[in-house]
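To keep things clear, I will list the structure first and then write my remarks on it.
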Amino acid sequence: MKKMINIALPKGRLGEKAYAMFEAAGYECPSIKEESRKLIFENAEKGVRYFWVKPSDVVIYVERGAADIGIAGKDIILEYSPDIYELLDLEMGKCRMAVAAKKDFVDHRDKTLRVATKFPNIAKSYYNKQSREIDIIKLNGSIELAPILGLSDVIVDIVETGKTLYENDLEPKADIVDISARLVSNKVSHKFKNEEINEISARLEKILLAKKA
Amino acid sequence: MTLSDKLFKEEERAAYKLRELYRKYGYLQYKVSKFEEYDLYARNKSFLVSDKLLTFTDTNGKLMALKPDVTLSIIKNVVANEKSSYKVYYDEKVYRTTTSGDGFREIMQTGLESIGAIDSFSQSEVIMLAMRSLENISEDYILDISNMKLLEGLFESAGIDASLMSEILSLIGSKNISAIKSFCRREGVSVDAEDRICQFASCYMPIENALEEIKPLLVGEKMLSAYSELCELYEILKLYGSTEKLYVDFSIVNDMNYYDGIIFKGFINGIFDSVLSGGRYDRLMEKLGKKMGAIGFAVYLDRLERFGAENDAYEVDALLLYDDSAEAKDIISAVRKLGADGKTVRVLNTLDKSISYKMLAVIRKGGLEILEEND
């Protein structure tokens, strides 16, 4: 008998794009597109059950086994370093983690650098490698404001096109790492539902290869 | 008097079953004190699951720590040599921080160690016992096995520098094929070797198939000898019985500074964390100045807390009420009647609504009257 696979999708554009890929791979679930207050969407015949969660929570659902697999951005994986399998790079939602600052910013290495970010762990490990002393200011949104108001010297944040930065007289100063969406799996689910998860992963990979060709 | 099954929590039942199992194979119980000198752990921090210790100062001013681990204490005191063997099991409470990092927890841990002259038979015995341990908890289990020497040989044959071992190991640990590929390109690993590393990383199958699968991927003396170690193990385990729940998975990596050779991890369907972990730790022995073989494992019984039977819907089977007119002998005979077949009876003189009960009864005119029955 086919085992039911629980799939955590990140709310928002990325999640919708990811769902479209699952759909194309033959794991559709029509009820997900209906307007409703339902939280969980199931297609018993295909053996899948989807639910939307906050993007940064996907790895928590997957690590603790509430979801067998999920779609998470590499930024979230790097920030929380969960104990999970990272099965596939879906090559969507591409952007980069970068250091940005005011255009005229000059980095004085004799001072502690003040860094505003939503990703304190990524920022810490990046500056640790440079043996740089920093002061982390953890913010939850509107990171770009920080250097403008003098709250921080630089920011560490996701940069897609850089448009928001340039409009606010900021610019990217250094790239930290490339980001894209990943198919992640709970380690224990991967053992007990191995066949089903491998099948999903293989079908998604096939779509990726077809796109490239 | 036989004890009701309901008396035991899942982890307690498992602890007794495991003790019985290990005794049967001649392992002796090893009792340790609750604390140990801090120094022992400070020197071997990375061997511990978490490096945070609960410390206190002893009356003579020495810094002590509540045990975060039992294996180190056993090794420290072991009296064995390369020609003898030392087989013990333990059933202790250890003190560790939680994964979320807030505060310490007391954890029930059972495990066994086989130290001294370790040959392929004694190694297989330990792995057989690991499988039986899991089987005692649930039939629906998997024991994953890997060989660190095989991976070491794989990396060496690919020309990967020793300083990069932990990086590539953690990529294999998360089965991150795309990152392994970019790692290999960055380090100038040949396409052929890259392909082999990827195959090892994604390998997950019963040992019988896995041995066939990786056979053509072996390069160099180190890999060949590690492979034949796995084959020997498989041959002996077959004699013990079924091996279909023994899987080869190279993603169950462990610290190379302590573990070399065979390592393994056990999983139970429904528990989203490994419940058993162990391996060959000759390197740790060497670090502690004891040149001999050692293999062992620990079972994390606290992880069984949420496993198994659902809690009963009712706290007691029957609530028995009485008033001043009731006589003691009537109450006692009513308790006997209601309490037949191991049912639980709580006797009260006023109704307490905070307790959930299946049946509510009252003593009236010396007789038993049932007022309410839920199902």
(message) Conditions first: (1) crowded, with 21+ Cβ neighbours inside 10 Å; (2) closer than 13 Å to A:Ile7 by Cα; (3) among the aromatic types (Phe, Trp, Tyr). A:Phe41 passes all but one, so which condition is the exception?
(response) (1)
(message) Only one of A:Val62, A:Val48, A:Val58, A:Val53 is closer than 25 Å to A:Phe192 by Cα, touching a Cys at 6+ places or on another chain (Cβ under 7 Å) and either within 14 Å of chain B (Cβ to nearest Cβ) or not aromatic (Phe, Trp, Tyr) (or both). Can you tell me which?
(response) A:Val48
(request) Return yes when B:Arg306 is surrounded by fewer than 12 Cβ atoms within 10 Å (Cβ to Cβ), out of contact with any Asp or Glu (no Cβ under 7 Å at 6 or more places or on another chain) and under 23 Å from B:Lys17 (Cα atoms) and no when it is not. (result) yes
(request) Go through (1) without any contact (Cβ under 8 Å) to a residue 12 or more places away in the chain; (2) in contact with a strand residue (DSSP E or B) (Cβ under 7 Å, 6 or more places away or on another chain); (3) of a type in the set (Ser, Thr, Tyr) and name the single condition A:Ser36 misses. (result) (2)
(request) Restrict the check to segment B:212-221 and report whether at least one residue is out of contact with any Pro (no Cβ under 6 Å at 6 or more places or on another chain), buried (at least 20 other Cβ atoms within 10 Å of the Cβ), under 20 Å from B:Glu152 (Cβ atoms) and modelled with pLDDT under 95. (result) yes
(message) Quick check on my filter: what residues within segment A:153-197 are assigned to a helix (DSSP H, G or I), outside the structural domain of A:Glu79 (by TED's automatic domain parsing) and not hydroxyl-bearing (Ser, Thr, Tyr)?
(response) A:Lys163, A:Leu165, A:Glu167
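Picking from A:Gly150, A:Gly141, which residue would you name as being outside any helix (DSSP H, G or I) and within 18 Å of the chain's Cα centre (by Cα)? Let's see the steps before the verdict.
Details: A:Gly150 fails: within 18 Å of the chain's Cα centre (by Cα).
Selected residue: A:Gly141, the only one of A:Gly150, A:Gly141 that is outside any helix (DSSP H, G or I) and within 18 Å of the chain's Cα centre (by Cα).
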(message) I want to confirm something. Restricting to segment B:18-38 and keeping residues that are in a helix (DSSP H, G or I) and crowded, with 16+ Cβ neighbours inside 10 Å, which single residue is nearest to the chain's Cα centre (by Cα)?
(response) B:Leu18
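Kindly establish whether B:Ala162 is more than 14 Å from every other protein chain (Cβ to nearest Cβ), of a type outside the set (Phe, Trp, Tyr) and surrounded by 19 or more Cβ atoms within 10 Å (Cβ to Cβ). Reasoning before the result, please.
Numbers: more than 14 Å from every other protein chain (Cβ to nearest Cβ): yes; of a type outside the set (Phe, Trp, Tyr): yes; surrounded by 19 or more Cβ atoms within 10 Å (Cβ to Cβ): no.
Against the criterion (more than 14 Å from every other protein chain (Cβ to nearest Cβ), of a type outside the set (Phe, Trp, Tyr) and surrounded by 19 or more Cβ atoms within 10 Å (Cβ to Cβ)), B:Ala162 does not qualify.
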(request) Find the residue count for segment A:49-83, including only residues that are without any contact (Cβ under 8 Å) to a residue 60 or more places away in the chain and among the hydrophobic types (A, V, I, L, M, F, W, C). (result) 5
(message) Can you find, within segment A:171-187, the residue that is farthest from A:Gly73 (Cα to Cα) among those that are crowded, with 21+ Cβ neighbours inside 10 Å and either more than 20 Å from the chain's Cα centre (by Cα) or facing chain B (nearest Cβ under 10 Å) (or both)?
(response) A:Lys187
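So, A:Ala67, is that one in a loop (DSSP other than H, G, I, E, B) and modelled with pLDDT of 95 or more or not?
Working: in a loop (DSSP other than H, G, I, E, B): yes; modelled with pLDDT of 95 or more: yes.
Taking the combined requirement at face value, the residue satisfies it.
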(request) Give the residue, chosen from A:Lys124, A:Lys111, A:Lys74, that is assigned by TED's automatic domain parsing to the domain that holds A:Lys54 and out of contact with any helix residue (DSSP H, G or I) (no Cβ under 8 Å at 6 or more places or on another chain). (result) A:Lys74
(message) Can you tell me how many residues within segment B:197-223 are part of a helix (DSSP H, G or I) and closer than 21 Å to A:Asn194 by Cα?
(response) 14
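What number of residues within segment B:91-115 satisfy the criterion of being of a type in the set (Gly, Ala, Ser) and surrounded by fewer than 20 Cβ atoms within 10 Å (Cβ to Cβ)?
As a first pass, look at segment B:91-115 and keep what is of a type in the set (Gly, Ala, Ser): B:100-101, B:103, B:111, B:114.
Filter once more, keeping what is surrounded by fewer than 20 Cβ atoms within 10 Å (Cβ to Cβ): B:100-101, B:103.
Adding up the residues that qualify gives 3.
From the list B:Val94, B:Val49, B:Val79, B:Val88, which residue is in the same structural domain as B:Gly279 (by TED's automatic domain parsing), part of a loop (DSSP other than H, G, I, E, B) and within 23 Å of the chain's Cα centre (by Cα)?
Values: B:Val94 fails: part of a loop (DSSP other than H, G, I, E, B); B:Val79 fails: within 23 Å of the chain's Cα centre (by Cα); B:Val88 fails: part of a loop (DSSP other than H, G, I, E, B).
Going through B:Val94, B:Val49, B:Val79, B:Val88 in turn, the sole match is B:Val49.
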(request) Could you please let me know if B:Ser228 is more than 14 Å from every other protein chain (Cβ to nearest Cβ) and within 22 Å of B:Met205 (Cα to Cα)? (result) yes
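Would you mention how many residues in segment A:138-178 are touching a Pro at 6+ places or on another chain (Cβ under 7 Å) and under 22 Å from A:Thr112 (Cβ atoms)? Before the answer, list the steps.
Start the filter on segment A:138-178 by keeping residues that are touching a Pro at 6+ places or on another chain (Cβ under 7 Å), which leaves A:138, A:153-155, A:159, A:162, A:165, A:170.
Still in the list and also under 22 Å from A:Thr112 (Cβ atoms): A:138, A:153-155, A:170.
So the answer is 5.
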(message) With in contact (Cβ under 8 Å) with a residue 40 or more places away in the chain, among the polar types (S, T, N, Q) and either over 28 Å from A:Glu63 (Cβ atoms) or buried (at least 21 other Cβ atoms within 10 Å of the Cβ) (or both) as the only criterion, which of B:Ser251, B:Ser228, B:Ser242 stands out?
(response) B:Ser251
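Regarding A:Arg203, is this residue in a helix (DSSP H, G or I) and in contact with a Gly (Cβ under 9 Å, 6 or more places away or on another chain)? Quick ask: steps written out before the conclusion?
Working: in a helix (DSSP H, G or I): yes; in contact with a Gly (Cβ under 9 Å, 6 or more places away or on another chain): yes.
Yes: the conditions hold for A:Arg203.
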(message) Can you report the number of residues in segment B:239-266 which are in contact with an Asp or Glu (Cβ under 9 Å, 6 or more places away or on another chain), away from every other protein chain (no Cβ under 14 Å) and among the small types (Gly, Ala, Ser)?
(response) 1
(message) Give me the residue from segment A:191-203 that is surrounded by 22 or more Cβ atoms within 10 Å (Cβ to Cβ) and closer than 15 Å to A:Ile71 by Cα and, out of that set, nearest to the other protein chains (Cβ to nearest Cβ).
(response) A:Ile197
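For segment B:170-196, which positions are touching a residue at least 60 places away in the same chain (Cβ under 8 Å) and away from chain A (no Cβ under 14 Å)? Please lay out each step first, then the result.
Step one: of segment B:170-196, the residues touching a residue at least 60 places away in the same chain (Cβ under 8 Å) are B:170, B:172-175.
Answer for segment B:170-196, where residues must be touching a residue at least 60 places away in the same chain (Cβ under 8 Å) and away from chain A (no Cβ under 14 Å): there is none.
Scanning segment A:81-139 for residues that are among the β-branched types (Val, Ile, Thr) and exposed (fewer than 14 other Cβ atoms within 10 Å of the Cβ), which turns out farthest from the other protein chains (Cβ to nearest Cβ)?
Let us first name the residues in segment A:81-139 that are among the β-branched types (Val, Ile, Thr), namely A:84, A:99, A:106, A:112, A:115, A:117, A:122, A:134, A:136-137.
Within this subset, residues satisfying the condition of being exposed (fewer than 14 other Cβ atoms within 10 Å of the Cβ) are A:106, A:112.
Numbers: A:Val106: 32, A:Thr112: 25 Å.
That would be A:Val106.
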(request) Hey, could you check segment B:132-147 for residues that are surrounded by fewer than 23 Cβ atoms within 10 Å (Cβ to Cβ) and more than 14 Å from chain A (Cβ to nearest Cβ) and say which is nearest to B:Lys17 (Cα to Cα)? (result) B:Asn136
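The values are calculated or read from the model by the stated rules, or taken from the named source; none is laboratory data. Everything numeric in this text was worked out from a predicted model, so none of it was measured. Heads up, the Cβs are rebuilt from the backbone with ideal geometry, glycines too, and the neighbour counts pull from every protein chain shown.
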